[in-house]
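Q: Got a structure here, written out as structure tokens. Questions coming.
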Amino acid sequence: MADLTIANSVCDLILGDVREHLPFERIPLDGDVLGLGTTTSVDNGELTFLRDGDQQSAIWRCVAHDGSIRRLTSGDGSGHFPYVCFTGDATALRRPADLAALGDPQGRPLQALVQQAIAHGQRLGNLERAPIYGVRLIAHWHELVITVASKLCMGQQRRNLGIATSEAGTTAAGLSIYDMLQHYRLAPLPPDPGNTDDPIRYLGRSMHWDCCGFFDTEPEQGRVTVPQPGAHLHLHGCSTDLAFGGHLHHEHPSTRLEHLDSLWLYPLRSIASLASDLAIQHLAFREGELRFRVSNIGSMDVSDVGVAVVIDDRYSNHRYVRIPWLKAAEGEDFTMPLDLPVGDHRISVIADPEQMVIEADECRTNNRMDLDVVIA
């Protein structure tokens, strides 16, 4: 198993992909498992991986509409994730950072502190070089701003901009990803009731947080962080009183660190990417019936899969079927009666003709299968 597994990527999520999902049951939680992710746009939340004692980890869902959290369990209806990245048991990779060597953390940017800890560990030879580092930390905050949402793209605007522009799309593109999300503030005192201009909703006084995430040395790739230069650190967390949780907006001007209780780094040197791969198989026409199989030969479940059946390139008169859910490594067989006139015909069956499911270009070649039929 790779040190880090990525199901889709942050880049995929920004494009608007909510049709590919990794089920909760596919994530091992034995030992020290690091991870973060999002839930679907239906229940709208984010995922935080917390240690549950020494032998187990747990996933907590952070709810968008009020910043609350609850622990996920198998079968509770929230266990399909459009984006999630996670490790196996990373206990053997855990490297405690020397907090004394970092100096006074008061008010300093958290990303800079993590970057300093990585550099210090590498200089001492205590921390191996890696493309991505797992991060666990427990921190006190003077003030903390968090964001909570699952569908970062707020629609398909950024994907559409690759094809055409619209007034709404241009406006959205000018915003930072995190500007578009629901913001919450944690602080020892509530804001001045006379200040009605503050767009950030005050949650409470829970200033002690248990956090888990990743530091990517190449953030432009958009694997586990927003694909922007300098955006190395992506961190989710929950308050230790288990009242609130979400994405730590550590770069927000209002966020101010008080001190770190602990900081652990994990060099993640091997990375595996999961994706869906739709395929049309076993296409045949016999005795007036078309038979074919739609398979998901990838490693993620897919929802709302469309399949078009086109006769003689007449797309204006095509047949269309829809599959609500197709699990990874499974397929569904179809039989469709076709009354074809005498002559030569070409039948084309195309999975995901609108290309709503994100697949690598080389994986799309099996989405279509053509069959030549002669009716005497």
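Q: Considering the range 315-345 alone, what residues qualify as being in a loop (DSSP other than H, G, I, E, B), touching a residue at least 24 places away in the same chain (Cβ under 8 Å) and open to solvent by 40 Å² or more (accessible area, probe 1.4 Å)?
A: Step one: of the range 315-345, the residues in a loop (DSSP other than H, G, I, E, B) are 318, 327-329, 338-342.
Those still in the list that are touching a residue at least 24 places away in the same chain (Cβ under 8 Å) too: 327-329, 338-342.
Correct list: Lys327, Ala329, Asp339, Pro341, Val342.
Q: On the given criteria, is Val307 more than 22 Å from Tyr83 (Cα to Cα), open to solvent by less than 20 Å² (accessible area, probe 1.4 Å), touching a residue at least 40 places away in the same chain (Cβ under 8 Å) and within 27 Å of the chain's Cα centre (by Cα)? Walk me through it before giving the result.
A: Working: more than 22 Å from Tyr83 (Cα to Cα): yes; open to solvent by less than 20 Å² (accessible area, probe 1.4 Å): yes; touching a residue at least 40 places away in the same chain (Cβ under 8 Å): yes; within 27 Å of the chain's Cα centre (by Cα): yes.
Yes; evaluated as a whole, the condition is true for this residue.
Q: Output the qualifying pairs, or none if there are none: Cβ atoms under 6 angstrom, residues six or more apart or on different chains, first residue in the range 1-28 and touching a residue at least 60 places away in the same chain (Cβ under 8 Å) and farther than 26 Å from Asp76 by Cβ, second residue open to solvent by 30 Å² or more (accessible area, probe 1.4 Å) and of a type in the set (Gly, Ala, Ser).
A: Ala2/Ser270; Ala2/Ala272; Asp3/Ser270
Q: In the range 365-376, how many residues are open to solvent by 50 Å² or more (accessible area, probe 1.4 Å) and either modelled with pLDDT of 95 or more or more than 21 Å from Arg286 (Cβ to Cβ) (or both)? Before you say what the answer is, go through the steps one by one.
A: First, pick out the residues of the range 365-376 that are open to solvent by 50 Å² or more (accessible area, probe 1.4 Å): 365, 368-370, 372, 374, 376.
With either modelled with pLDDT of 95 or more or more than 21 Å from Arg286 (Cβ to Cβ) (or both) added as a condition, the list becomes 365, 368-370, 372, 374.
Residues in the range 365-376 being open to solvent by 50 Å² or more (accessible area, probe 1.4 Å) and either modelled with pLDDT of 95 or more or more than 21 Å from Arg286 (Cβ to Cβ) (or both): 6 in total.
Q: In this structure, is Ile59 part of a helix (DSSP H, G or I), touching a Lys or Arg at 6+ places or on another chain (Cβ under 9 Å) and under 30 Å from Lys327 (Cα atoms)? Let's see the steps before the verdict.
A: Details: part of a helix (DSSP H, G or I): no; touching a Lys or Arg at 6+ places or on another chain (Cβ under 9 Å): yes; under 30 Å from Lys327 (Cα atoms): yes.
Spelling it out, it is not the case that Ile59 is part of a helix (DSSP H, G or I), touching a Lys or Arg at 6+ places or on another chain (Cβ under 9 Å) and under 30 Å from Lys327 (Cα atoms).
Q: Which residues, taken from the range 256-288, are open to solvent by 20 Å² or more (accessible area, probe 1.4 Å) and within 30 Å of His142 (Cα to Cα)?
A: Arg256, Glu258, His259, Leu260, Asp261, Ser262, Trp264
Q: Give me the residue from the range 24-40 that is in contact with a Ser or Thr (Cβ under 7 Å, 6 or more places away or on another chain), under 19 Å from Asp54 (Cβ atoms) and not acidic (Asp, Glu) and, out of that set, surrounded by the fewest Cβ atoms within 10 Å (Cβ to Cβ). Outline the logic, then answer.
A: Taking the range 24-40 first, the residues in contact with a Ser or Thr (Cβ under 7 Å, 6 or more places away or on another chain) are 24-25, 29, 31-36, 38-40.
Adding the requirement that they be under 19 Å from Asp54 (Cβ atoms) leaves 29, 31-35.
Checking which are not acidic (Asp, Glu) leaves us with 29, 31, 33-35.
Numbers: Leu29: 19, Gly31: 16, Val33: 24, Leu34: 27, Gly35: 27.
Among residues in the range 24-40 that are in contact with a Ser or Thr (Cβ under 7 Å, 6 or more places away or on another chain), under 19 Å from Asp54 (Cβ atoms) and not acidic (Asp, Glu), the one surrounded by the fewest Cβ atoms within 10 Å (Cβ to Cβ) is Gly31.
Q: Right, next: Among what's in the range 41-55 and is among the acidic types (Asp, Glu) and assigned to a loop (DSSP other than H, G, I, E, B), pick the residue that is surrounded by the fewest Cβ atoms within 10 Å (Cβ to Cβ). Give the derivation first.
A: Within the range 41-55, the first condition is being among the acidic types (Asp, Glu), and the residues that meet it are 43, 46, 52, 54.
Narrowing the set further to residues that are assigned to a loop (DSSP other than H, G, I, E, B) leaves 43, 52, 54.
Details: Asp43: 13, Asp52: 14, Asp54: 8.
Restricting to residues being among the acidic types (Asp, Glu) and assigned to a loop (DSSP other than H, G, I, E, B), the top hit is Asp54.
Q: Out of the residues in the range 204-231 meeting the condition of being in a strand (DSSP E or B) and open to solvent by less than 30 Å² (accessible area, probe 1.4 Å), tell me which one is farthest from Val135 (Cα to Cα).
A: Quick first cut of the range 204-231, residues in a strand (DSSP E or B) only: 204, 208-216.
With open to solvent by less than 30 Å² (accessible area, probe 1.4 Å) added as a condition, the list becomes 204, 209, 211-216.
Working: Gly204: 25, Trp209: 13, Cys211: 8, Cys212: 6, Gly213: 5, Phe214: 5, Phe215: 7, Asp216: 10 Å.
Filtering first and then ranking leaves Gly204.
Q: Arg314 is checked against (1) at pLDDT 95 or above; (2) more than 20 Å from the chain's Cα centre (by Cα); (3) not aliphatic (A, V, I, L, M) and fails just one. What number does that condition carry?
A: Every listed condition holds for Arg314 apart from (1).
Q: Just to be sure before I move on: is Glu354 within 30 Å of Leu4 (Cα to Cα), open to solvent by 60 Å² or more (accessible area, probe 1.4 Å), outside any strand (DSSP E or B) and not hydrophobic (A, V, I, L, M, F, W, C) in the structure I sent?
A: On the way: within 30 Å of Leu4 (Cα to Cα): no; open to solvent by 60 Å² or more (accessible area, probe 1.4 Å): yes; outside any strand (DSSP E or B): yes; not hydrophobic (A, V, I, L, M, F, W, C): yes.
For Glu354, the condition - within 30 Å of Leu4 (Cα to Cα), open to solvent by 60 Å² or more (accessible area, probe 1.4 Å), outside any strand (DSSP E or B) and not hydrophobic (A, V, I, L, M, F, W, C) - is not met.
Q: Looking at the range 76-91, can you tell me whether even one residue there is of a type in the set (Val, Ile, Thr), assigned to a loop (DSSP other than H, G, I, E, B), touching a Phe, Trp or Tyr at 6+ places or on another chain (Cβ under 8 Å) and surrounded by fewer than 20 Cβ atoms within 10 Å (Cβ to Cβ)? Show your work before the answer.
A: So in the range 76-91, the residues of a type in the set (Val, Ile, Thr) come out as 84, 87, 91.
This time we only want the ones that are assigned to a loop (DSSP other than H, G, I, E, B), so: 87.
In the following step, the residues that additionally are touching a Phe, Trp or Tyr at 6+ places or on another chain (Cβ under 8 Å) were identified as 87.
Filter again for surrounded by fewer than 20 Cβ atoms within 10 Å (Cβ to Cβ), leaving none.
Checked against the condition, which is being of a type in the set (Val, Ile, Thr), assigned to a loop (DSSP other than H, G, I, E, B), touching a Phe, Trp or Tyr at 6+ places or on another chain (Cβ under 8 Å) and surrounded by fewer than 20 Cβ atoms within 10 Å (Cβ to Cβ), the range 76-91 yields no hits at all.
Q: For the range 234-253, which residues satisfy the criterion of being touching a residue at least 24 places away in the same chain (Cβ under 8 Å), open to solvent by 10 Å² or more (accessible area, probe 1.4 Å) and either of a type in the set (Lys, Arg) or closer than 18 Å to Leu110 by Cβ (or both)? Talk me through it step by step, then tell me what you get.
A: Within the range 234-253, the subset touching a residue at least 24 places away in the same chain (Cβ under 8 Å) is 234-252.
Of the ones still in play, those that are also open to solvent by 10 Å² or more (accessible area, probe 1.4 Å) are 234, 240-244, 249-252.
Residues satisfying the conditions are His234, Thr240, Phe244, His249, His250, Glu251, His252.
Q: Just to be sure, is Ser299 touching a Leu at 6+ places or on another chain (Cβ under 7 Å) and not in a strand (DSSP E or B)?
A: Considered against the rule, which asks whether it is touching a Leu at 6+ places or on another chain (Cβ under 7 Å) and not in a strand (DSSP E or B), Ser299 comes out as yes.
The values are calculated or read from the model by the stated rules, or taken from the named source; none is laboratory data. All figures in this text were calculated on a predicted structure; none of them were measured in a lab. Note: ideal-geometry Cβ built from the backbone for every residue, glycine included; neighbour counts use all protein chains shown. Each accessible area value is taken on the protein alone, full model and side chains, heavy atoms only, with ligands, DNA and RNA left out. Shrake-Rupley method; radii C 1.70, N 1.55, O 1.52, S 1.80 Å.
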